[in-house]
Amino acid sequence: MSATSTVDPNATSVTSATVEATMPHLRLLNQLFLQSVSCQVITGFFAWAALIITAHHIFLHLTNYNVKNEQKWIIRLLFIVPIYSFDSWLSLLFFNNDYYYVYFNAVRDCFEAFVIYCFLSLCYEYLGGEGNIMAEIRGKSIEHSYMYFTCCLAGRGYTIGFLRFCKQATLQFCIIKPLMAILILILEAFGKYHDGDFSPNGGYLYIMLINNVSITLALYGLFLFYFATKNMLKPYNPVIKFLTIKSVIFLTFWQGVLLALLEKIGVIEAYEGPHVLSAGTVAAGWQNFIICIEMFFASIALRLAFPHTVYLNPSRPTTQRVVTMQSISNNLKETMNPKDIMHDAIHNFHPNYQQYTQYSPQVSVLSKQKH
């Protein structure tokens, strides 16, 4: 006799229905969280805390604005925290709209490119400018290194063209990234751009590839510059500063790519509720949620990486120093003036200046102290 087993069809159908319903229900809870007051309060707390910490940090630099050539770049770098955190928080406040986040992301993307250039320019100022750097490295040969990808450059001598390439590599990112942000807005208006859509018929795939190439080239230029000047930069703790800046940019960039992949494989799905939201919008919402929290920790890390104390004037004790709001305002205006950036872009890209070395004014004694 053969043994037979019986399966209750009702139990099977109930079990499968329960399994099928569980994951969408969990995803629904997650998506609704991004629209909740709790989400806005949590992200608002971290965003405003980061903003207050950074605003105080900027204020301390402005009240001790003794080495202007360096501190203007530091203050420009510090603006990454309020721009990223406040921008991401506002995006979550308007999360019920399916495309508003694209406009907020465009602002963030434009400043992201500017940060890498600011950091390289700060390193130039630490070393006394282009003229001083060339005086130190001219005549030396580029060493072979797999870590810094100098295999093809090994044996060649350092020239002004080398420094030009490092600056141009970062400046091109300042051009490409905003152009891609504008292109995203145009494609979004015509329905040709959706976050996480890797279809060759949409714009996301191509824009992501272009941005990847551009940021890779910018970081390669930064790596080459550090490789050539690492001994000169040692007193300024460049590794800590670079890792802090790199972490902010790379975390936001690659976690965006990861969320797009999660959307692609179906982990993040569209929300069919009172306000219909695409999967790309939901992924962008999680990106903004994470950035708000990250910026709080970034504000603390930047405070440690770029302390204002190294710029205190020992000849003027803190108790005797009087700084007016007018002087702080003037210092902030000088920091925000883009005139030096435009001059640097012309100097590095114009054919007439390709073989000329730019010399900076005399370096302040304070800037020579250990950072």
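Would you mind telling me which numbered condition in (1) in contact with a helix residue (DSSP H, G or I) (Cβ under 8 Å, 6 or more places away or on another chain); (2) part of a helix (DSSP H, G or I); (3) under 17 Å from Asn105 (Cβ atoms); (4) hydrophobic (A, V, I, L, M, F, W, C) Trp254 fails?
(1)
Among Ala21, Ala55, Ala3, which is the only one that is modelled with pLDDT of 90 or more, of a type in the set (A, V, I, L, M, F, W, C) and either open to solvent by 50 Å² or more (accessible area, probe 1.4 Å) or under 23 Å from Leu304 (Cα atoms) (or both)?
Details: Ala21 fails: modelled with pLDDT of 90 or more; Ala3 fails: modelled with pLDDT of 90 or more.
Ala55 is the lone residue from the list that is modelled with pLDDT of 90 or more, of a type in the set (A, V, I, L, M, F, W, C) and either open to solvent by 50 Å² or more (accessible area, probe 1.4 Å) or under 23 Å from Leu304 (Cα atoms) (or both).
Go through the stretch 202-243 and give me each residue that's modelled with pLDDT of 85 or more, of a type in the set (S, T, N, Q) and either surrounded by 13 or more Cβ atoms within 10 Å (Cβ to Cβ) or outside any helix (DSSP H, G or I) (or both).
Residues satisfying the conditions are Asn211, Ser214, Thr229.
State which residue pairs qualify: first residue modelled with pLDDT of 85 or more and inside the stretch 180-196, second residue of a type in the set (Asp, Glu) in any location, beta carbons under 7 Å apart, and separation of 6 or more residues or different chains.
Pairs that qualify, where the first residue is modelled with pLDDT of 85 or more and the partner is of a type in the set (Asp, Glu), are Ala181/Asp109.
Scan Ala106, Ala55, Ala113 and give me the residue that is closer than 17 Å to Asn331 by Cα, out of contact with any strand residue (DSSP E or B) (no Cβ under 9 Å at 6 or more places or on another chain), among the small types (Gly, Ala, Ser) and part of a helix (DSSP H, G or I). Quick ask: steps written out before the conclusion?
Values: Ala106 fails: closer than 17 Å to Asn331 by Cα; Ala113 fails: closer than 17 Å to Asn331 by Cα.
It is Ala55.
Answer yes or no as to whether Ser85 is open to solvent by less than 10 Å² (accessible area, probe 1.4 Å), in contact with a Phe, Trp or Tyr (Cβ under 9 Å, 6 or more places away or on another chain) and under 21 Å from Met342 (Cβ atoms). I'd like the intermediate steps shown before the answer.
Details: open to solvent by less than 10 Å² (accessible area, probe 1.4 Å): yes; in contact with a Phe, Trp or Tyr (Cβ under 9 Å, 6 or more places away or on another chain): yes; under 21 Å from Met342 (Cβ atoms): no.
Here the answer is no, as Ser85 does not meet what is asked.
Take Asn96 and decide whether it is in contact with a helix residue (DSSP H, G or I) (Cβ under 9 Å, 6 or more places away or on another chain) and either open to solvent by 20 Å² or more (accessible area, probe 1.4 Å) or on the phi < 0 side of the Ramachandran plot (or both). Lay out the reasoning, then the answer.
Working: in contact with a helix residue (DSSP H, G or I) (Cβ under 9 Å, 6 or more places away or on another chain): no; either open to solvent by 20 Å² or more (accessible area, probe 1.4 Å) or on the phi < 0 side of the Ramachandran plot (or both): yes.
In short, no.
Among Glu143, Glu136, which is in a loop (DSSP other than H, G, I, E, B), farther than 30 Å from Ile265 by Cβ and open to solvent by 40 Å² or more (accessible area, probe 1.4 Å)? Write out each step before concluding.
On the way: Glu136 fails: in a loop (DSSP other than H, G, I, E, B).
Exactly one residue qualifies, and that residue is Glu143.
May I ask you to list the residues in the stretch 25-47 that are open to solvent by less than 60 Å² (accessible area, probe 1.4 Å) and modelled with pLDDT under 50?
Residues satisfying the conditions are Arg27, Gln31.
The values are calculated or read from the model by the stated rules, or taken from the named source; none is laboratory data. Please read all numbers here as calculations on a predicted model, not as lab measurements. Ideal geometry is used to build each Cβ from the backbone, glycine not excepted, and the neighbour counts take in all protein chains shown. Please note that ligands, DNA and RNA were not included when accessible areas were found on the heavy atoms of the full protein model with its side chains. Shrake-Rupley method; radii C 1.70, N 1.55, O 1.52, S 1.80 Å.
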